[in-house]
Amino acid sequence: MLLPLVPLIVVSLVAQPAPAQPAAAPSAAARPEARALHDAAIAAADRLSALSYNAELRATGAIAAGMPATTGRVVIAKGGSSFEQIPARFLIDAQVSDADPAAPRKVTLSFDGKTMTLLDHSARQFGRAVVNDDPLSMMAVYDPAMNLLVFNYLDKEAWGAAADIVGVTHGGQTDISGVVCDIVIVEHSLNEDGPAPAPPAAEGQNAEGRDKAAEKGPTMTVREFIGAEDHLLRRIEFPLQLPEDAGAEASVLTITLNDLKADPEVDAAEFAAAIPDGYTPRPDPEPEMGRQIGPMLKEGDPAPEWTLSDAEGKPHSLADYKGKVVLMDFWATWCGPCRAAMPGVQKLHERFKDRGVMVLGINIGEDENADPAGYMKREGFTYGLMLNAEKVAEAYGVMSIPHFFLIGTDGKIIYTSVGFDAEEGDKIAGLIEAHLKGQGK
């Protein structure tokens with residue numbers, strides 16, 4: 001998972017809003033098995049070859065300023081895409097309340113499997129791009145309307161790894177536009193290696209008590225509203241902060257689906273939008289926070305030089321590490337995916353610290369009350385930390401975090417990637433090993 005500085009595809013992390021008042025919960029004897037409902041919803045979504053729905057997106061809390069209220073009609077045909085990030089074709093006709101809520105922008109966003117087209121009908125502008133396997137290739141046509149895509153219907157991985165689920169409970173039932181839905185509350189572990197095993201049962205403690213005592217580490221909780229009869233997802237609540245963010249305003253993204261139709265007839269031609277007469281090219285989108293983003297860096301490019309200070313105020317420069325391999329991790333304390341990645345980054349540090357490899361956390365985008373050094377110390381992360389690196393992020397073209405750059409002993413980029421999981425950690429470790437071997441180290 002990754003958390004965009006300029007949103008590309010919705011990603012999320014924790015703190016629940018006050019839910020809609022559910023119907024009375026069924027008795028214990030009649031209560032559905034929550035994990036079975038969750039699994040049934042995954043299977044029901046996976047069986048579909050196409051779907052359509054009316055979507056309503058609402059955000060609460062601090063994230064609301066950057067995630068405008070959006071409504072619209074979505075049509076999806078799964079498959080037929082050359083773009084790994086979105087394994088489907090789609091058409092979105094949306095109203096986006098980002099400038100004047102009383103006069104939302106009218107937008108059409110379509111993807112025919114190769115080319116993405118944006119039509120801003122309010123501005124009479126268009127954007128068009130042939131996308132590839134780099135999510136940032138979509139920036140030319142990005143619009144908040146894209147957030148109406150519910151990825152649970154596109155990819156099983158959007159539901160989270162089954163091994164990482166540490167709790168599933170039933171929250172009663174509620175009505176969504178005439179459809180009775182079961183509320184399923186799923187708690188996911190953010191530990192890289194999954195939830196820790198439950199400790200041995202204490203004397204007089206039953207198995208259930210032992211499980212509740214298990215050390216789960218950081219978690220995120222997602223609320224799924226699943227049709228009681230067809231098991232199709234009708235609403236999902238994404239939390240956007242981790243629970244330990246004490247004092248921060250709770251932020252939750254809620255997407256509600258109405259008039260959902262399973263496997264409707266779809267005309268492939270509607271995914272290839274034509275540019276209406278009189279529409280002009282849309283200017284390139286402005287980066288957030290006034291940032292001037294540098295060019296995308298790729299393998300073989302020289303790594304831009306920088307000088308930054310550590311938590312003690314001591315300056316460091318990339319040139320200081322000439323002849324060493326450097327792994328740079330652009331991150332922030334408010335970024336849940338960044339923090340979920342950090343145990344894996346620590347493992348890379350411990351594995352290679354005595355072999356001429358520098359692992360550096362490059363901190364960006366913090367407010368004045370943040371304490372990156374304190375967070376790393378509390379969590380036991382001992383690799384390097386560089387602070388106030390916004391200008392460096394601009395030079396490296398960083399738009400989404402966590403963003404990794406692996407730099408060779410010659411000062412050139414070996415590898416760059418956005419997001420992190422165990423597989424990505426193994427890939428980076430393999431690249432480091434290969435580079436060291438090539439240098440005779």
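If I filter region 324-340 down to residues being among the hydrophobic types (A, V, I, L, M, F, W, C) and in contact with a Cys (Cβ under 9 Å, 6 or more places away or on another chain), which single residue comes out as farthest from His188 (Cα to Cα)?
Phe330
Checked against the criterion of being crowded, with 21+ Cβ neighbours inside 10 Å and part of a strand (DSSP E or B), region 337-356 has no qualifying residue. Check off (1) closer than 17 Å to Glu305 by Cα; (2) touching a Phe, Trp or Tyr at 6+ places or on another chain (Cβ under 9 Å) for Leu385 and give me the number that stays unchecked. With respect to (1) closer than 17 Å to Glu305 by Cα; (2) touching a Phe, Trp or Tyr at 6+ places or on another chain (Cβ under 9 Å), Leu385 is out only on (2).
All of Ile185, Ile255, Ile275 fail the test of being over 29 Å from Asp93 (Cα atoms) and modelled with pLDDT of 85 or more, apart from Ile185. For region 106-119, the set of residues classified as within 25 Å of the chain's Cα centre (by Cα) and not hydrophobic (A, V, I, L, M, F, W, C) consists of Thr108, Ser110, Asp112, Gly113, Lys114, Thr115, Thr117, listed by residue number. Sort out which residues of region 94-136 are touching a strand residue (DSSP E or B) at 6+ places or on another chain (Cβ under 9 Å), farther than 24 Å from Asp263 by Cα and part of a loop (DSSP other than H, G, I, E, B), and write them in order of number. Result: Ser97, Asp98, Ala99, Pro104, His121, Ser122, Ala123, Arg124, Val131, Asp134.
Test Gly397 against the criterion of being over 21 Å from Asp320 (Cβ atoms) and out of contact with any Phe, Trp or Tyr (no Cβ under 6 Å at 6 or more places or on another chain), and give yes or no. It is true that Gly397 is over 21 Å from Asp320 (Cβ atoms) and out of contact with any Phe, Trp or Tyr (no Cβ under 6 Å at 6 or more places or on another chain).
Among the residues that make up region 82-93, is at least one of them of a type in the set (Lys, Arg), in a strand (DSSP E or B) and within 23 Å of the chain's Cα centre (by Cα)? Scanning region 82-93, I find at least one residue that is of a type in the set (Lys, Arg), in a strand (DSSP E or B) and within 23 Å of the chain's Cα centre (by Cα), so the answer is yes. Sub-9 Å Cβ pairs linking a first residue in region 37-54 that is assigned to a loop (DSSP other than H, G, I, E, B) to a second residue that is basic (Lys, Arg), at least 6 apart or interchain, are Leu48/Lys78; Ser49/Lys78, ordered by first then second residue.
Condition (residue is surrounded by fewer than 22 Cβ atoms within 10 Å (Cβ to Cβ), aromatic (Phe, Trp, Tyr) and either under 30 Å from Thr219 (Cβ atoms) or in contact with a Pro (Cβ under 8 Å, 6 or more places away or on another chain) (or both)) applied to region 47-62: is it met by at least one residue? Walk me through how you get there before you give the answer.
Restricting attention to region 47-62, the residues satisfying the condition of being surrounded by fewer than 22 Cβ atoms within 10 Å (Cβ to Cβ) are 47-50, 52, 54, 56, 58, 60-62.
Within this subset, residues satisfying the condition of being aromatic (Phe, Trp, Tyr) are none.
Taking every residue of region 47-62 in turn, none turns out to be surrounded by fewer than 22 Cβ atoms within 10 Å (Cβ to Cβ), aromatic (Phe, Trp, Tyr) and either under 30 Å from Thr219 (Cβ atoms) or in contact with a Pro (Cβ under 8 Å, 6 or more places away or on another chain) (or both).
Filter region 159-185 for residues that are over 15 Å from Arg235 (Cβ atoms) and outside any strand (DSSP E or B); which is nearest to the chain's Cα centre (by Cα)? Looking at the filtered set, the residue picked out is Gly160.
If you go through region 143-158 and keep only what is more than 15 Å from Phe83 (Cα to Cα) and more than 14 Å from the chain's Cα centre (by Cα), you end up with Asp143, Pro144, Ala145, Leu148, Tyr153, Lys156.
Once region 400-412 is narrowed to residues that are surrounded by fewer than 21 Cβ atoms within 10 Å (Cβ to Cβ) and in contact (Cβ under 8 Å) with a residue 40 or more places away in the chain, the residue that is nearest to Ser309 (Cα to Cα) is Gly411. Here Thr333 meets the list (1) in contact with a helix residue (DSSP H, G or I) (Cβ under 7 Å, 6 or more places away or on another chain); (2) part of a helix (DSSP H, G or I) almost entirely, failing just condition (2). If only residues of region 425-441 that are over 25 Å from the mean Cα position of the chain (by Cα) and basic (Lys, Arg) are counted, the one that is surrounded by the most Cβ atoms within 10 Å (Cβ to Cβ) is Lys441.
For Ile428, state whether it is within 23 Å of Pro304 (Cα to Cα) and either touching a Cys at 6+ places or on another chain (Cβ under 6 Å) or not assigned by TED's automatic domain parsing to the domain that holds Gly300 (or both). Please lay out each step first, then the result.
Details: within 23 Å of Pro304 (Cα to Cα): yes; either touching a Cys at 6+ places or on another chain (Cβ under 6 Å) or not assigned by TED's automatic domain parsing to the domain that holds Gly300 (or both): no.
For Ile428, the condition - within 23 Å of Pro304 (Cα to Cα) and either touching a Cys at 6+ places or on another chain (Cβ under 6 Å) or not assigned by TED's automatic domain parsing to the domain that holds Gly300 (or both) - is not met.
Mind checking which residues of region 357-372 are part of a strand (DSSP E or B) and either aliphatic (A, V, I, L, M) or surrounded by fewer than 19 Cβ atoms within 10 Å (Cβ to Cβ) (or both)? Across region 357-372, the qualifying residues are Val357, Met358, Val359, Leu360, Ile362. Of all the residues in region 311-366, those that are touching a residue at least 24 places away in the same chain (Cβ under 8 Å), more than 20 Å from Lys427 (Cα to Cα) and of a type in the set (D, E, K, R) number 2.
The values are calculated or read from the model by the stated rules, or taken from the named source; none is laboratory data. Small disclaimer: the values here were computed from a predicted structure and weren't measured. Please note: Cβ atoms are built from the backbone with ideal geometry, for glycine as well, and neighbour counts cover all protein chains shown.
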